[in-house]
Amino acid sequence: MGARTLRGMASLVAVTGAWLSRCPAEQMARQVVMAGTPYEAPYYVKIGDEGWGPKVCVIGGLHGNETAGYVAAGKLANWQITRGVLIVMPEAHQAAIRRHERAYPGNMNAMFPGDPKGDAMQQLAYAIWRVIDYHRPSLLLTLHESIGYHKRLPSNYGYTLCHDFAVLNTFMDLCLLRANADIPDPLHQFGVFVEPHPVCPTYCAWSKLRIPATSIETCMEDDLALRVQYQLMMCMAFFDEAGLGYEQTDLPRLSTASQAPRTALEVWSPHLLALEQGRTPPASYGILRVGANVAGAKVYVDGYYKGCTPASTAVATSDAGRRVKVTVKLEGYVPYTGEADVAPEGYPTVIAELTPVLPAAPSTAATEPGPD
Ligand SMILES: [Zn+2]
């Protein structure tokens, strides 16, 4: 990472706090996947009202006996998001959680990106994948547990950020340092563990959508309360490095919480992708923010899907800046098309006013993932 890149990215972060939202305020929407089936799983879309910010997705309960993961994710569902967007699915695999079995009848973590025509578990994986694909978070975390400590036996996962691609380590290292500063026992300090699992959600997130992703692993030998605490501390470390704003009463803030993020979360994806592909990362980025008068509209920048509103995406720029085409679509509404000028280190904002094609009728189209 060049000095110029770092400077540019640092100043991107500096202006984040000063930006005030014109985004429609919305606190939380409850959605479900696999509604009406034994695999029905709720998830929550929590949009901060303080201003724009990063979009983070957390999934717990992919394995039914990894209790700290889904207990911690359940607590996150009650945290108040003040800046950015948190999408949290606390208990992804209800059938296994009810039996307290790791994998029932199969391994939920090994089914991604799923299959809409497959069995119930493959359909569930597909439904979860569609949530990720529709929202396009800038970070995906899955909360898991291991039977042993990685530091005692390297084939175990306990107290690691286990993920699939070594190129992501630059970002992971920043985050685990934040949490480890408050974990005195070396056995419980997190490390990185790069181990590709090609059909798990974190692998798919980076390889298919270029979303940095990792699992957070605690160890089942510890008391549940301690494991939940460490899960939440690691989540806070990611949230703090991401610049996600939150308020909660479950545990003290990390002592590192006041340290500014190294860069805007949105910049990591194009930066790490360039490194993975052996290209020189762009020298500067702007962060384009796209909202709409309706939540959940689909945002395209120069024809590429960037997630649903409110969307926040990095745009690589030259010194002269860059003009991009912005399209916002939602079924039942006239599509919006416009342009945005993105300056280096700028934060341009586009608010699309979508007007209904037909007189408004009760519809869930604004919040349900739809096909591209
Ligand atoms: Zn697991």
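One residue stands out among those in the stretch 225-261 that are modelled with pLDDT of 95 or more and charged (D, E, K, R): the one that is nearest to Glu145 (Cα to Cα), which is Arg227.
For the stretch 302-326, residues that are surrounded by fewer than 20 Cβ atoms within 10 Å (Cβ to Cβ) and over 11 Å from Glu345 (Cα atoms) total 8. Surrounded by 23 or more Cβ atoms within 10 Å (Cβ to Cβ), touching a residue at least 60 places away in the same chain (Cβ under 8 Å) and either within 16 Å of the ligand (Cβ to nearest atom) or closer than 19 Å to Gly69 by Cβ (or both), is that true of Tyr230? So Tyr230 fits the description; yes. Select from the stretch 247-279 the residues that are in contact (Cβ under 8 Å) with a residue 60 or more places away in the chain and hydroxyl-bearing (Ser, Thr, Tyr) and list them in ascending order. Selection gives Ser255, Thr256, Thr263, Ser269. When Glu145 is tested against (1) assigned to a helix (DSSP H, G or I); (2) closer than 22 Å to Ile216 by Cα, just one condition goes unmet, and that condition is (1).
Taken together, Ile59, Ile97, Ile87 contain a single residue that is at pLDDT 95 or above, crowded, with 20+ Cβ neighbours inside 10 Å, within 16 Å of the ligand (Cβ to nearest atom) and part of a strand (DSSP E or B), which is Ile59. When the stretch 136-156 is filtered for residues that are surrounded by fewer than 24 Cβ atoms within 10 Å (Cβ to Cβ) and over 18 Å from the mean Cα position of the chain (by Cα), the ones remaining, listed by number, are Ser146, Ile147, Gly148, Tyr149, His150, Lys151, Arg152, Leu153, Pro154, Ser155, Asn156.
Scanning the stretch 249-282 for residues that are in contact with a Leu (Cβ under 7 Å, 6 or more places away or on another chain) and either basic (Lys, Arg) or in a loop (DSSP other than H, G, I, E, B) (or both) gives Asp250, Leu251, Arg262, Thr263, Ala264, Pro281.
Look at (1) touching a strand residue (DSSP E or B) at 6+ places or on another chain (Cβ under 7 Å); (2) assigned to a helix (DSSP H, G or I) and you find that Thr218 fails only one, number (2). Do we have any residue at all in the stretch 172-193 that's assigned to a loop (DSSP other than H, G, I, E, B), modelled with pLDDT of 95 or more, within 16 Å of the ligand (Cβ to nearest atom) and crowded, with 17+ Cβ neighbours inside 10 Å? The answer is yes; a qualifying residue exists.
The values are calculated or read from the model by the stated rules, or taken from the named source; none is laboratory data. All values derive from a computational prediction rather than experimental measurement. Please note: Cβ atoms are built from the backbone with ideal geometry, for glycine as well, and neighbour counts cover all protein chains shown.
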